[in-house]
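Here's the structure, in C-alpha cells; my notes come after.
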Amino acid sequence: MDQTFEEEQEHLTGIYAQLLAMRDSLVEELEAGQQGIAQDLIAMSEEIRPDFVGADETMETLAAIETLNGVIDTYNQVHDFNVDKLRRVLLLLMQPYFAKVRLQLRPNRPAQDVYIGAAGVTDQNRRPLIVDWRSPIAETYYNQEMGPTSYQVNGKTRTVNLELRRQFDIAQDVLRMYFDTTVAIEDSLLLRALKQHHSEKLQAITATIQKEQNAIVRHEDVPVMLVAGIAGSGKTSVLLQRIAFLFYQQRDALRPNQVYLFTPNSVFERYIDTVLPSLGESNPQTFTWQGFLAHLGLSERGSGAEGNPNNLRILQEQLPQRPLESDDLREIRVGNMVLLKQSQVASAAAKFAKFPVGPRFAALVCDELHSRLDRKLTQLSRSDTIQEEMLALDLDVQLEIFGETITSNTEDEVESFARKYVEHLYAGAHDNIEQLAWLRLDRLGMRILGTQGISAAEWLYLNLLVSGHGAKDARYVMIDEVQDYTQTQLMVLARYFSRAHFLLLGDENQAIREGTATFEQIRQVFEETHGSVEQLSLLTSYRSSPEITDLFVSLMDDSSTISLSSVRTAGIKPSFLEVLDTDEYLETLRKLVEQAAQTDGLTAVIAADKSRAKWLRKQLGDTVHMLGKDETLPKDGVVLIDLPLAKGLEFDHVIIPDAQHEVYPATQLSRRRLYTAISRAMHKVTIVSQGKMTPLLSGHEDMPR
C-alpha cells in the first residue's frame, strides 16, 4: 500500500467535492440572480417619474436615473465575477491540478503545500485551494531547482526553499499516478506525454513546460523578443502559453482583440485553435499574411511579399522630399454625389504645402477637409430639394433615420432634421477623409518608385508613412515561423504595429523559400522600429525520437549543432529506400501507404511542393487523401500534404517521397526543406527516392540499393 498515494487521493477527493459545491452554488446564484435582478430593476424603474418641467424636478429625475444605472453596473460586475469563477471551476473539474510544490516560505517556519492547476480558485475564506500556473509562486515548480529557489512578484525577488516537487496524472477526481521529480530529464509527465500519438489539435503543455521554455513564457515585457528554436522544441506551444500568461498578468487591461497572432497557413491555424480556450482564455486575432491583407481590403492586389525591401526604404526617404501634384489628389464623393471637388481638395492641401507629406501634413489637411465638408453638408441641408425629399419620407423610414417622426413646426426644426438627413445620406464622407480617399496613393507611389504599379505591401507602407495610423490599439503581435517572412513583410508589420510589442519565433533551418529574411535581417528591421531585440534559444527537441532528431540535425550547418538534444527514449531508425524502377517506386509508395493506414496514429506523405503533391495524388489514387488548405488535420489515417502546408505540424509517421537529387539537389535550400520535412515526424520516418537518393542523405548507413 502506497500511503502517499492514498493521502493524495484523499486530498483530491476533498478538493473535487469543494469544486462541485462551488459549481452548484454559482449556477444557483446566477439563475436566481437573473430573476432577482429583473424584479429589482422593474421595481426601481417604476418608481422613477419622468419630470422635466422645472429645474428641481429635472435634477431629481436625472439623479434617479443615474442611481438606476449605478445599480445595473453593480449587478453586471457581480454577474461577470461569478461567470468568470464558474468558468474556472468548470475548467478545474476536468483536472483539478497537475502539480504540487512544498515550500518553506520563511526560515524556521513549517513548509506549505501549494497545488498548481490550469486556473486558480479560493475557498470561502479566500484561501487558495489551487493556484494558477501563471501565478508568481508557481514559478518555483517550473524552475526545477530543488532546495533554495526564487520567484518574482511585483518586481521583487522572493527566495524560498523547495522541499518537494510532485507531478500528478489526474482525470477529474481520480488520481492515476504521481511522480516526485527534480530536473527536466526526469520529468515523468513530459516523458509520458511524449509517448502518446499525434492528436488532431495541438495540446496545451501547461503541466510539462520545461525550464528553457518557462524562461520565455515568463520573460519580462520587452519591445521585441526573437526566439530561435530547433524543430520540435515547442516554439508554438511556448508562444500560446506566453499569450495566456500575458492575459493573466494583465487581466484587467489586456483584451483578446489587442493581441495579433500570425500563423503560416489556415490548416495550422485550426490545429492550434483549442489551446487557449482549454486554458480558459479567448483566442487572439489570428491571421495569415494573405488574411491580413484581405482584412485591410488589399486582397485584390499582388501581396508584394517577395518585393524588394529597398522600395519601402525609397518610399520612406523620398516621400518628404516630393511635393504633391494636382493629379495626386481626388474629390471626396459618396456614390455619385461629389461633396468636395478636386480643386477644393487641392486648395486644402496647398494651404499646408510648407509641411512635408507625412502624418502632420495629413492630419492638418484632414481637419481642413472635415471643416469644408461640414459647411457643404450644412449648405445641402438648407436646399429645398433635400428638405422636400426628407418630408416625403414614409413614417417608418423617418423612425429608422431619426428615431422619431418629423415635426415641422418651424423652419429651424426642418433644417435641423434636414442636417441629420444629409449626414445619414453621406455618412461615409468623413471616414473617407480619414482614410485618405482624397489622396491617390497609387500615383504618388508609382511616381516615387518609377514603376507602373505598386503592390499591397508597398501601398500599405506608403499609407502608413503618410497617415502614421496603423493599429493603434494593438498591444502584442506574435509571429510564428518568422523565418518564412521576407524583409518586406516584416517592415510592413513592424510599422503597422509600431506601438505593439513583438514575439517572433522561428528556425532558420526551416526557411524553405528563397528570399526570406535571415535572423540578422529580422533583428535589423525591428531594431530600426522598436529600438532593441532580445534573442533567446530553444535547443531541445521534444517532438522527435533521438534517431529522427540526429537525422535532421545532421542537415544543419555544423556550427548550429552544438548542445542540441532530444529528451525522448530510443525509437525506430529512419528507413531509406532507393528504388530505381518507376513502376516499382510507385508500388513501393502504395504499399507504404497501405501499411501506414493499418497502424495507429497519423501518417503524412510530405511532398516537396504542391505540384509534386498533385502528381503523387494522381499516381496513388484513392489510397491517400490529399489535405487541402481549408481542411482540419485528422486524428489518424494517412494524408498527402505539400511541405509548405506541413509547416508547424507533427505526425506519428512521415513518408518523404521523391527524395532523389533532381527534387532535392545538394543545395542549402534543399537541405532546409529536408530538415523541415523530416522534423515533422514524432516516431518514424521513411524516405523514398525514385532513382538515386539525394547526396544530402546518401551517406547514411543501411540504405537498401
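Some observations on this one:
- Proximal lysines to Lys420, defined as alpha-carbon separation beneath 27 angstrom and excluding residues fewer than eight positions away on the same chain: Lys341, Lys376
- Distance between region 405-425 and region 583-638 - C-alpha centres, whole angstrom: 68
- Listed peptides 215-223, 472-480, 172-180 by packing density, highest first (mean Cβ within 10 Å): 472-480, 215-223, 172-180
- Ignoring lysines fewer than eight residues from Lys635 along the same chain, the ones with Cα atoms less than 22 angstrom from its Cα are Lys195, Lys201, Lys235, Lys591, Lys647, Lys684.
- Cα-only radius of gyration and Dmax that characterise region 576-690, units Å: 12.9, 36
- Put a dot 7 Å past the Cα of Arg590, heading toward its Cβ, do the same for Ser150, and the two dots end up 6.7 nm apart.
- Beta bridges per DSSP with both ends in the chain, % antiparallel, nearest 5: 40
- The solvent-accessible area of Phe502, taken with every protein chain present and a 1.4 Å probe, is close to 10 Å².
- Here the gap between His469 and Met177, fully extended at 0.36 nm per residue and compared with their Cα-Cα distance, gives a gain of 99.7 nm.
- Solvent-accessible area assigned to carbon and sulfur over the chain amounts to 48 percent, based on a 1.4 Å probe.
- Shown for region 88-171 is the translational diffusion coefficient from the Stokes-Einstein equation, using the Kirkwood radius over Cα pairs, a temperature of 20 °C and a viscosity of 1.002 mPa s: 162 µm²/s.
- The chain: relative contact order as a whole-number percent, Cα under 8 Å and 6+ apart: 13
- Relative contact order of region 201-358, taken over Cα pairs closer than 8 Å and 6 or more residues apart, is 18 percent.
- Extension gain, Thr405 to Arg127: 0.36 nm times the residue separation minus the Cα-Cα distance gives 94.2 nm.
- Leu164/Thr582 FRET efficiency (R0 51 Å; Cβ-Cβ; nearest 0.05): 0.25
- Highest-first packing order for the peptide set 637-644, 361-368 is 637-644, 361-368, based on the mean count of other beta carbon atoms within 10 Å.
- With K and R counted +1 and D and E -1, the other residues having a Cβ less than 14 Å from that of Trp615 yield a net charge of +1.
- Taken per residue, the accessible surface of region 413-510 reaches 32 Å², heavy atoms only and a 1.4 Å probe.
- Förster-model FRET efficiency, 45 Å R0, His625 and Glu331, C-beta, rounded to 0.05: 0.25
- Chain lengthening between Leu364 and Arg617 when straightened (0.36 nm per residue, less Cα-Cα): 85.2 nm
- Take every Cα pair under 8 Å whose residues are at least 6 apart in sequence, average their separation, divide by the length of region 560-689, and the relative contact order is 33 percent.
- Computed [θ] at 222 nm, deg cm²/dmol, the chain (DSSP H ≥ 4; -39,500 (n - 2.57); rounded to nearest 500): -13500 deg cm²/dmol
- Membrane-span-like helices in the chain, defined here as complete DSSP H runs extending at least 20 Å along the helix axis by their C-alpha atoms with mean Kyte-Doolittle hydropathy no lower than -1.0, are 3-47, 55-94, 235-249, 359-381, 411-425, 582-597; this is a sequence and geometry rule, not a statement about a membrane.
- Ignoring aspartates and glutamates fewer than eight residues from Lys211 along the same chain, the ones with Cα atoms less than 15 angstrom from its Cα are Glu139, Glu145, Glu186, Asp187.
- Here the chain was treated as a single set of alpha-carbon atoms; its pair distances binned every 10 Å from 0 give 2, 12, 17, 19, 18, 15, 10, 5, 1, 0, 0 percent.
- One Cα centroid belongs to region 207-257, the other to region 144-185; the line between them spans 19 Å.
- Distance in nm between pseudo-label sites at Ala350 and Ser575 (7 Å out along the Cβ direction from Cα): 8.0
The values are calculated or read from the model by the stated rules, or taken from the named source; none is laboratory data. As the structure is a prediction and not an experimental result, all values here were calculated from the model. Cβ sites come from the backbone with ideal geometry, for glycine too, and all protein chains shown count toward neighbours. These accessible areas exclude ligands, DNA and RNA; they are computed on the full protein's heavy atoms, side chains included. Shrake-Rupley method; radii C 1.70, N 1.55, O 1.52, S 1.80 Å.
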